[in-house]
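Chemist: Below: one structure in structure tokens.
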Amino acid sequence: MRKKAELFFTAIKLPLDYLALVLAGVIAYQIRTKDFVRDIRPIVFDLKPQEILNYSMIVALLGLIFFIIAGLYTFRRLKITDELGKIILATSSVMSAVIIYMFFIRESFDSRFIILTAWILSIIFVTLFRIIIRKLAKILSKFGIGMHRVIIVGKNENTEEIIETLKLQPELGMKIVKIFDTISEDMLEELKNSHSRKFIDEIIQTDSSLSRSKSVDLINFAEENNIIFKYAAGLFETRTTNIDVHMLAGVPIVEIRKTKLDGWGKIAKRVLDSFFSLILIIIFSPIMLITWLSIRFTSRGPAIFKNERVNRRGTFNVYKFRSMKAEFCVGKQFEKYTDQEKIIAFEKKLIAKQSKRQGPVYKILNDPRRTKVGRFLEKTSLDELPQLFNVLIGTMSLVGPRPHQPREVAKYERHHKRVLDIKPGITGLAQISGRSDLDFEDEVKLDTYYIENWSLKLDLWILLKTPFAVLIRKHKN
């Protein structure tokens, strides 16, 4: 059962969001009618304060619908960055709907200032109210109010990771009260006594290898005592998250699908990739031109580096702005500038000495091969802008697992090859979750989750978070 405090904090968001959206519209109107704004642009519309209040109340109701669709009223606790992304997406959708409505009815109201200001204020007000709710919940959690009392059952690597996460992230709202290595009659009896003394909210079985019959006993105990039961999926269960059932000769045949990204979903993703990559190329064309000139005038060699990478069909070229001196670049494109065998040997030494990543993929810290311009490009991720052309021609997607070099892929273990199931992307779950700070195994886990749980909504969420990940990245270059 949900705790009363949890229900309250979720329910209170609805009226507060409505208030925030109404305030955004009213205050945007008040700012527009101030003398300092009117002096810059005279008012050409005839709109009274009561009318703007009425309009704001109607639009705010529409906004709540978009907020519900965006998942802003889920009982699952979100990170503040995740919640901010959903708020931006939802409020942007509301303002887009208002603009489209005005276009079709040919409304004479002419104040783009009010619409733009209301959009910005709505993001600020909604976010502010959400932060206040979080702070209040955090204060109450120190007194045990709103926290789920959790029992952990298991003893494996998953168990250790889950325990550490719950201890380090109290904002998840879970307090571990007891940890059991296994399930036994004595353990169930102790659990029963603990529950009778102080209510237990959740049992999390973190080890799927425990006895099935004992696990059933634990589930029955949870059901009898109205306790939430959760478990970490085992190997077979994680492989069957996407299934199709077909009838063959009267027998149900289950097909384990590698990804949800198929059929119309695949078509929709390609259409969006083409549209947004073209728009982004136009937007960033001045920056790309300046970058191209900066590289050409400060170091010899081509400005665009064709980096050979691997996808499920073989190899292809990823376009990047060259960040290294031409004499240190690897590939057919640079054979005339340097001895490739010597450069590869030198790179291997750097990898062994300065790579910060474990596994087949490397990341060289303080790479001496980079130019001054290149260090700036790599730090700001501007070197990856030409990959928008990869997306436009269809060799990459905006969102997907990052592609790796043939010599890196050659070192893949069997489960690593899951990342080749779909088209590689410019950004992905791994990039917004730690970028190159992540170990390769963690990157594969995130990419595998994305592949198995793909949706357009997930793509939009990743795209919204990517700029924040680039701006606040904490790893050293």
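FYI, it's all coordinate maths here, none of it is from the lab. Note that the structure is a prediction, hence the values are computed from the model and not measured. In this analysis, Cβ positions are derived from the backbone assuming ideal geometry, glycine residues included, and neighbour counts consider all displayed protein chains.
Chemist: Using alpha carbon centroids, what distance separates segment 45-68 and segment 369-407, in Å?
Modeler: Cα centroid to Cα centroid, the span is 43 Å.
Chemist: Taking amide H atoms as placed 1.01 Å from N in the peptide plane, list the residues 5 or more away in sequence, or in a different chain, whose amide H sits under 5 Å from that of GLY425.
Modeler: Amide H neighbours of GLY425: SER397, GLY400, ARG402.
Chemist: What list do you get for GLU6, GLU341 if you sort them by fewest beta carbons within 10 Å?
Modeler: In increasing order of surrounding Cβ atoms, one gets GLU341, GLU6.
Chemist: Using the alpha carbons of segment 285-333, what is the convex hull volume per residue in cubic angstrom, as a whole number?
Modeler: 77 Å³
Chemist: A further question follows. Compute and list, largest first, the equivalent-ellipsoid semi-axes of segment 148-232 from the alpha carbon gyration tensor, each √(5λ) rounded to a whole angstrom.
Modeler: 19, 16, 10
Chemist: Karplus couplings for segment 123-133 from phi (6.51 cos²θ - 1.76 cosθ + 1.60, θ = phi - 60°), rounded to Hz, Gly and Pro as x?
Modeler: Whole-Hz 3J(HN,Hα) from phi for segment 123-133: 5, 5, 5, 4, 4, 4, 5, 5, 5, 4, 4.
Chemist: I would also like to ask the following. Tell me which residues come under 5 Å, amide H to amide H, from GLU308 once H is placed; ignore anything under 5 positions away on its chain.
Modeler: It is VAL318, by chain and number.
Chemist: Give the order of LEU21, LEU7 when sorted by the count of other beta carbons within 10 angstrom, beginning with the fewest.
Modeler: LEU7, LEU21
Chemist: Rank these for me by crowding, TRP454, TRP292, going from fewest to most other beta carbons within 10 Å.
Modeler: With the fewest neighbours first, TRP454, TRP292 line up as TRP292, TRP454.
Chemist: Follow-up question, since we're still on this one. Measure up LYS175/LYS379; LYS79/LYS306; LYS155/LYS457; LYS167/LYS230 against 28 Å on the Cα-Cα distance and list the ones that go over.
Modeler: LYS175/LYS379; LYS79/LYS306; LYS155/LYS457, as the Cα separations exceed 28 Å there.
Chemist: Which ³J(HN,Hα) values, rounded to whole Hz and listed in residue order, are derived for segment 299-313 from phi using the Karplus coefficients 6.51, -1.76 and 1.60 in 6.51 cos²θ - 1.76 cosθ + 1.60 with θ = phi - 60°, glycine and proline given as x?
Modeler: 7, 6, x, x, 7, 9, 9, 8, 9, 6, 10, 10, 10, 5, 8
Chemist: In units of 2.2 N^0.38 Å, what is the alpha-carbon radius of gyration of segment 4-141?
Modeler: In units of the globular-protein estimate, segment 4-141 measures up at 1.14.
Chemist: Can I ask one more? Please compute, for the alpha-carbon atoms of segment 264-471, the extent along each of the three principal axes and give them in descending order in Å.
Modeler: Cα spread of segment 264-471 along its principal axes, largest to smallest: 47, 41, 31 Å.
Chemist: Quick query: amide H of LYS363 versus all other amide H atoms, modeled in the peptide plane; which residues come in under 5 Å with a sequence gap of 5 or more or a different chain?
Modeler: Here LYS356, ARG357 satisfy the definition.
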